[in-house]
Amino acid sequence: MHFWARTVNIFSTFHLKTWSRSACQCHNQIRVKPDNSSVVTDGVKHSMNPFCEIAVEEAVKLKEKKLIKEVVAVSCGPQQAQETIRTALAMGADRGIHVEVSGKDYETLGPLQVSKIMAALAKKEEAQLVILGKQAIDDDCNQTGQMTAALLDWPQGTFASEVAFDGDKIKVVREIDGGLETIMISSPAVITADLRLNTPRYATLPNIMKAKKKKIANVKPADLGVDLTSRLEVLRVDEPPQREAGVKVETVDDLVSKLKDAGRL
Amino acid sequence: MLPASRYSGKAHRCIRALRTVQTEYAAPQLYTTLHRRACSSVATPQITTHYTIHSRDKDPRWEGVEMERFADEADVVIVGGGPAGLSAAIRLKQLANEHEKELRVCLVEKASQIGAHTLSGACLEPSALNELFPDWKERGAPMNTPVTEDVFSILTEKHRIPVPILPGLPMGNHGNYIVRLGNFVRWLGEQAEELGVEIYPGYAAAEVLFHDDGSVKGIATNDVGIGKDGSPKDVFERGMELHAKVTLFGEGCHGHLAKQLYKQFNLRENCEPQTYAIGLKEVWTIDEKKWRPGRVEHSVGWPLNRNTYGGSFLYHLNEGEPLVALGFVVGLDYSNPYLSPFREFQRWKHHPFVAPTLEGGSRIAYGARALNEGGLQSIPKLTFPGGLLIGCSPGFMNVPKIKGTHTAMKSGMLAAEAIFPKVTAESTESETTGLHVPEYSDNLKNSWVWKELHAVRNIRPSFHNYFGLYGGMVYTGVFYWIFRGKEPWTLKHCGLDAHQLKPAKDCTPIEYPKPDGKLSFDLLSSVALSGTNHEGDQPPHLTLRDDSVPVNRNLAIYDGPEQRFCPAGVYEYVPLETGDGMRLQINAQNCVHCKTCDIKDPSQNINWVVPEGGGGPAYNGM
C-alpha cells in the first residue's frame, strides 16, 4: 500500500531524474477504516519519503560536482504530489514531472505500475540514470527500483551507501546483510538510495519560494502507454493484534510446559 | 513535601531557609543566592542550550559561521495560519481583487500543514464566516453538523443536576455548528491559496525584526540545523527574513512573539494580565447505538471543586462515522499544585452520565491547548508601529460561550479592512517606516465583537467569591440573563495565573484513580496519539532563564507542578545519577505546543520559544 507516488531518480549524462514519493510520516497515528479495506489517509500528513529525500540529495550533490547536467524530479499521484515535487525542486532539482494518477487508480497504484511509468519516462527523456529511495516507509515494498531496472534491462545498484563515477562506469557500495559490497556497473543504470548515502539538506524557505518558479510538467500514464490495472487485490487490512501482557514463570519446567500449551513446542 | 530521608543535611538547610524567606516574587534572586551559598555541592546540570538564553555572539563554536539571512519583501506578512490569520489573508485578497490592486500577502505557519496545530471543541458560531464567505456552503466548508440538542449539567460525584438552557443564556447553541476545527482551518487555507495568498507551512516565525526607528519591519523564520548542545551542524541554515509594510501577529493563545511585543511596545500597561485555561481534548469513535449527531453536552462541577474553574464538553459529530469530540477545560488560576488537568479529564470520563456514551468505543485522537479567559479586561493595546495583534493572541474569546473562533475571524477581517487602504495607498503618510494602523483598534471597538465581550465581561471574574462556581452561576443568571451585562461595574481578575499556586505544604495531594485502559488512559499513550514529534537533535525549545530554579524553587516549594500541568509529559523530575537530589528532565520532543508551562510556571522561569518549523503535534481534524 502506498500513498503517493514512488521516488525514482533518473540520472543521465544529459539530465538526472529524481522521483519523489510521499509517504505517511512515521509518527503518524494510523487507523484502519471501519470497513477494513485500507487505512484512513484523509488529512494524514504526507511528506517526501525519507529515502527519496536521500536520493534527491544525492542527485543534487552530483549536479553540484558537475558530473551531471540536469536533475528532473518525478512523482506519480494526485494533485498533492506536486508539493513533494516542489520540495525536490527546493532542494535543487531543475524541473519536475507530475504523472497524474488519482482516485481508484491511485489506490491500487503499486510498484509494478510505477516502474512501468518510470521505464517509459526514462526512455522518453533519454535519461541515463535513475535514482530512487530503496523503499517507501509506509508499505516497505522495496520493489520499484529493481522492477524499473528489469523493465529497462539496465544494471542496478541497490541499497547504495556510496556512489562514485569511474569513467563511464559507476561504482556503487551496497549495504548488504554481510557488510558492504562494492560493484561496478555501466550506465545507464538504476540506483536505490539507502540511509547512509548522505544527509539531506533542509528545503529552506527562500528555495521553496524559488521553486515556485521552476516548471512542473503534467503527464498522464496513458500518454506514456502504461496500463495501470493492478494484478493485486487487497482483501483485508487489520490492525496488528493488541500486545498481550507477558507471563512470568518461576522455573524452566514451567516455561517448557507453557510453550507446549501454546503449541510452540 | 518530598520524603525528608531523600535530602542531605545541606539540602535540609536550604529548604528551611526557603520557608523562612518565602515571599511571592521578590524572592527568586534571594532563593538562588541562598541556595548557591548553602547548597554549593549540588551542581545543576545544564538544561538550556538555546541561543535565546546563551547568545551565539560570544560562543566560540559559532565563529565564522555565515549568519547572513536572505530577505524578501511582501506587502503584508501574517504570522500564524489559524482562523484569525487566514481570515485576515482572505479578506485582504478579497479587497485587492475588488479594487483591482496587486497585493503580496505571505503567511507563515509553524505546523507542517495548515490545521495540524489547530485544536478546539468546537461549536462554531457562523456569524463571521457568513460575512467572509456568504456562499460557504457552496464552497464546501466542512460544516456538516448543525446543533440539534443542547444539554447543560452540574455533575456531582455520582449524579447529575440538569440545568435548563433558557433562551438568552450564553451557553445556548441554537444556530451553531459542531465542527472539527482543524478541517475547517484546512478548508480556509485552501480558500486562501485559491485567492493567491502565499502560504508557507513548516516555517515558524522565530524573531521579530525592527527598523531603525523602532517600528516592526517583519519577521525572520527559524534557523535549522542547530544541534542539541547548541552548536551548528553541517546542515545549518539560517532562517529567512520576510519584510512587510505591516505584520499581523496571529499566533493564538499566548504567542511567543506576542510576549516579546508586549514588552517592547508596553502594550499591557492599561489592561489586566491575561488569565488562561487549559483545554484537553479527545476524539472517539463510539457505538452507533449511542450516537446522536448534533448533540451538545456541557457540564460543570465534578471532578473539580467549586473553587476551581472548569468544565467539560462532549459533541456528537455528523460526518459519516459515529464520532464524538470531548474534552475538559481547567482554569489555570487554580491554587493546588497537586492538581493535574490531564488526570481530572481522565477521571471525568468515568462519571455515570459520561461513561455510557464511551463504552464500547475507542479513542482515536488526543491533544491539548491553552485558551484565554480574560475577556475584555485583559485585551492589550492592539496596534503598534509596523504591526498589529489578531485572534486569540490578544484574546477575544467569549468565555461563558466558550467560543473564540468567530471573534478571532472577525478580528482578522477587521484588521484586513483597516490596513488595506494604507498598504495600497500611493504615498504613505506614516511617521514610522512600519505602518501604524490604529484604525483597527477603533473598528474593533465599534463592532459586534466588542459588544459581545462587553456583555459577558463580568461572568468569569464573578467566580472569584467564596461560593466559587455557584456564586458565579448565580451572578450569570442575574446580571447576564436578566440585565444582559449592562451593570455599570467591571469586575477584576486575580492577577497572573502563575502567582495563584499555593505552596505544596499548604495543600492536599489529590488521589487520582489509575487509568483503566478502556475509558481513561495514561499520559504517554495519550501523547503518542497526538502524533507529536520534533527533530531530536535541536536545543530544547522550552528554555529556562535559570537552570537551577526548577529544583530549587518549583520542586522545593510547589512540588514541581510542571510535571502535573503539562499535558504531554515534557517535564519530569528524576533522581540525579549521583544519587542525592533531583534534576529536571525536559522531554522536548513530546511538546504539543499548548503553552501551559509558560503560563503557569510559578517562577515564570520557563520561556517557550518556537522549535524548528514542522515539529509539533500532527492533529487531524481536531
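In table form, for the structure just shown:
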quantity	calculated
Pairs of alpha carbons in the protein assembly as shown whose separation is greater than 48 Å (percent)	27
Solvent-accessible area per residue for chain B (1.4 angstrom probe, square angstrom)	39
B/A buried area, accessible surface, summed, 1.4 Å probe, Å²	2000
Alpha carbon convex hull of chain B, volume per residue in cubic angstrom	160
Interface residues in the range A:40-58 - accessible area drops by 50 Å² or more relative to the isolated chain, probe 1.4 Å	A:GLY43, A:LYS45
For the range B:533-622: relative contact order, % (alpha-carbon pairs under 8 angstrom, 6 or more apart)	40
Gain upon complete extension [A:THR199, A:SER187; 0.36 nm per residue less C-alpha separation]	1.8 nm
For peptides B:178-185, B:610-617, sequence by mean Cβ density within 10 Å, most packed first	B:178-185, B:610-617
Loop-located trypsin sites (Lys or Arg not before Pro) in the range A:50-156, at most 14 other Cβ atoms within 10 Å (DSSP)	A:LYS65, A:LYS66, A:LYS69
Förster-model FRET efficiency, 51 Å R0, B:ASN266 and B:LYS137, C-beta, rounded to 0.05	0.70
Which listed pairs, of B:LYS403/B:LYS445; B:LYS93/B:LYS595; A:LYS66/A:LYS169, have C-alpha distances above 22 Å, in listed order	B:LYS93/B:LYS595
Highest to lowest packing among A:202-212, B:338-348, B:116-126, scored as the average C-beta count within 10 Å	B:116-126, B:338-348, A:202-212
Distance cut-off 28 Å, percentage of C-alpha pairs in the range A:2-237 lying past it	25
12 Å Cα-Cα reach of A:LYS210 towards aspartates and glutamates, excluding residues that sit fewer than 8 places from it in its own chain	A:ASP94, B:ASP72
Rounded accessible area per residue of the range A:2-237, 1.4 Å, Å²	44
Contact order normalised by residue count of the range A:2-237, Cα under 8 Å, 6+ apart, percent	26
Accessible-area composition of the protein assembly as shown, carbon plus sulfur, in percent [1.4 Å probe]	51
Relative contact order, percent, the range B:267-352 [alpha-carbon distance under 8 Å, six or more residues apart]	34
Average other protein chain Cβ within 10 Å of Cβ, residues A:199-211	6
Threshold 30 Å² - residues in the range B:69-97 whose accessible area is reduced by that much or more when the chain is no longer isolated, probe 1.4 Å	B:PHE70
Counting DSSP beta bridges with both ends in the protein assembly as shown, the antiparallel % (nearest 5)	65
Mean Cβ count within 10 Å, highest first, over the residues of peptides B:223-229, B:73-79, B:205-211, A:216-222	B:73-79, B:205-211, B:223-229, A:216-222
Chain B: antiparallel DSSP beta bridges as a percent of all, rounded to 5	70
Percentage of interatomic Cα-Cα distances in the range A:96-184 larger than 18 Å	52
Buried on assembly, the range B:502-547 (at least 40 Å² less accessible surface than by itself, 1.4 Å probe)	B:ASN533
Longest segment of chain A lacking GluC sites (Glu not before Pro) that sit in a DSSP loop with at most 15 other Cβ atoms within 10 Å	A:1-125
Additional length obtainable on full extension of the chain from A:LYS65 to A:GLU244, 0.36 nm per residue less Cα span	59.1 nm
Translational diffusion of the range B:91-134, µm² s⁻¹ [Kirkwood Rh, Cα pairs; Stokes-Einstein; 37 °C; 0.692 mPa s]	246
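The values are calculated or read from the model by the stated rules, or taken from the named source; none is laboratory data. From a predicted model like this one, the values you see are computed outputs, not experimental measurements. Cβ sites come from the backbone with ideal geometry, for glycine too, and all protein chains shown count toward neighbours. Each accessible area value is taken on the protein alone, full model and side chains, heavy atoms only, with ligands, DNA and RNA left out. Shrake-Rupley method; radii C 1.70, N 1.55, O 1.52, S 1.80 Å.
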